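Bear in mind these aren't lab numbers, they're just calculated from the coordinates by the rules spelled out. Every value quoted in this text rests on a predicted model; they were computed, and no experiment measured them. Here the Cβ positions follow ideal geometry from the backbone for every residue, glycine too, while neighbour counts run over all protein chains shown.
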Amino acid sequence: MRRRARAEQLSLFKTTRSAVDTRGMEGAGTPPFDTDVAASYLGKTILVGVTYLDPEGATIRREQVYGVIEAVSRAGIVVVLRGARAGTVITLPPHLTAIRPAEPGVYSLFATGESVDHPDLLSTWRVRQRATIH
């Protein structure tokens, strides 16, 4: 019996397979979904960078993680993380246009000091907090 990878919350991203929280993401409307492109991402190593912004657009913090894409559907992009967060499962919004090929090379993660050798794909996100109305 295959053990399920441990799920952990990655800041504002949902980590369950059934829910993707894009609230507060810039340009988080329903994107076009190309099943052929989605299928080409399966099994690829992806490096994900997330910048969290306050309501005015100032940077609060940045995170970087990497892992292997396990599933891609209109429900989201499921990534099983490797490295310092090995075994954690995150689900990214199903925005295929937010993923691009990585240039060959070694990528360094600033927070953990880890090196990622030749990832296949890159994805960057900006998550803006909503203003609070008092």
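Report, by residue number, each residue of the range 77-97 that is buried (at least 16 other Cβ atoms within 10 Å of the Cβ) and in contact (Cβ under 8 Å) with a residue 60 or more places away in the chain. The answer is Val78, Val80, Arg85, Thr88, Val89, Ile90, Thr91, Leu92, Pro93, Pro94, His95, Leu96. Taking the numbered list (1) more than 19 Å from Pro32 (Cα to Cα); (2) part of a strand (DSSP E or B) in turn, Ser123 passes all entries but (1).
Just one of the listed residues (Val72, Val80, Val68) is touching a helix residue (DSSP H, G or I) at 6+ places or on another chain (Cβ under 6 Å) and either over 29 Å from Thr132 (Cβ atoms) or assigned to a strand (DSSP E or B) (or both), and it is Val72.
From the residues in the range 53-76 that are among the acidic types (Asp, Glu) and over 15 Å from the mean Cα position of the chain (by Cα), which one is surrounded by the fewest Cβ atoms within 10 Å (Cβ to Cβ)? Step through it out loud before you land on a result.
Of the residues in the range 53-76, the ones among the acidic types (Asp, Glu) are 54, 56, 63, 70.
Okay, now just the ones that are also over 15 Å from the mean Cα position of the chain (by Cα), so 54, 56.
On the way: Asp54: 11, Glu56: 8.
Step by step, filter the range 53-76, then rank; the result is Glu56.
Per the listing Leu109, Leu42, the residue uniquely of a type outside the set (Phe, Trp, Tyr) and in contact (Cβ under 8 Å) with a residue 40 or more places away in the chain is Leu109. Looking only at the range 83-117, count every residue that is basic (Lys, Arg), more than 14 Å from Lys44 (Cβ to Cβ) and either touching a Phe, Trp or Tyr at 6+ places or on another chain (Cβ under 7 Å) or in a strand (DSSP E or B) (or both) and tell me the total. Residues that pass the stated criteria total 0.
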